[in-house]
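Student: Okay, here's the structure, questions in a sec.
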Amino acid sequence: MTNGSVFEVTAEVENTGDVSGTREVTLAIPGVVNNRTSVSLGAGETTNVTLSLSTATIDAGNYTAFLNT
């Protein structure tokens, strides 16, 4: 990626439980940047979540990005 570009991830999030719930979904490069959103799903529901990170403030190098709930 070039400095200043946007790193984007789309993930399918599923509530495998028997009750409705809300969870925070976070896309992060630890110690550098992160982006998060809250997702509410009914029991058994599925949705797609898209999160992005700007590389404008990141020094050149190799990084590992994590998507967590």
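The values are calculated or read from the model by the stated rules, or taken from the named source; none is laboratory data. All values reported here derive from a predicted model rather than from experimental measurement. Here Cβ is always computed from backbone atoms with ideal geometry, including for glycine, and neighbour counts include all displayed protein chains. For the accessible areas, the whole protein counts, side chains as well, though only heavy atoms, and no ligand, DNA or RNA atoms are used. Shrake-Rupley method; radii C 1.70, N 1.55, O 1.52, S 1.80 Å.
Student: Among the residues of region 20-33, is any among the aliphatic types (A, V, I, L, M) and open to solvent by 90 Å² or more (accessible area, probe 1.4 Å)?
Tutor: Taking every residue of region 20-33 in turn, none turns out to be among the aliphatic types (A, V, I, L, M) and open to solvent by 90 Å² or more (accessible area, probe 1.4 Å).
Student: Which ones in region 7-19 are open to solvent by less than 100 Å² (accessible area, probe 1.4 Å) and either at pLDDT 90 or above or at positive phi (or both)?
Tutor: Within region 7-19, Val9, Thr10, Ala11, Val13, Asn15, Gly17 qualify.
Student: Please enumerate the residues belonging to region 44-69 that are open to solvent by 90 Å² or more (accessible area, probe 1.4 Å) and assigned to a strand (DSSP E or B).
Tutor: Asn48, Phe66
Student: Show the residue pairs that are 6+ apart or on different chains and have beta-carbon atoms under 6 Å apart, the first residue being within region 48-59 and farther than 12 Å from Val33 by Cα, the second being open to solvent by 60 Å² or more (accessible area, probe 1.4 Å) and not in a loop (DSSP other than H, G, I, E, B).
Tutor: Listed pairs, sorted by first residue: Asn48/Thr10; Asn48/Glu12; Thr50/Thr10.
Student: For region 36-43, check the following and say yes or no: at least one residue is open to solvent by 30 Å² or more (accessible area, probe 1.4 Å), over 11 Å from the mean Cα position of the chain (by Cα) and either among the acidic types (Asp, Glu) or over 30 Å from Asn3 (Cβ atoms) (or both).
Tutor: yes
Student: Still on this model: Considering only region 30-69, how many residues are more than 21 Å from Ser20 (Cα to Cα) and basic (Lys, Arg)?
Tutor: Residues that pass the stated criteria total 0.
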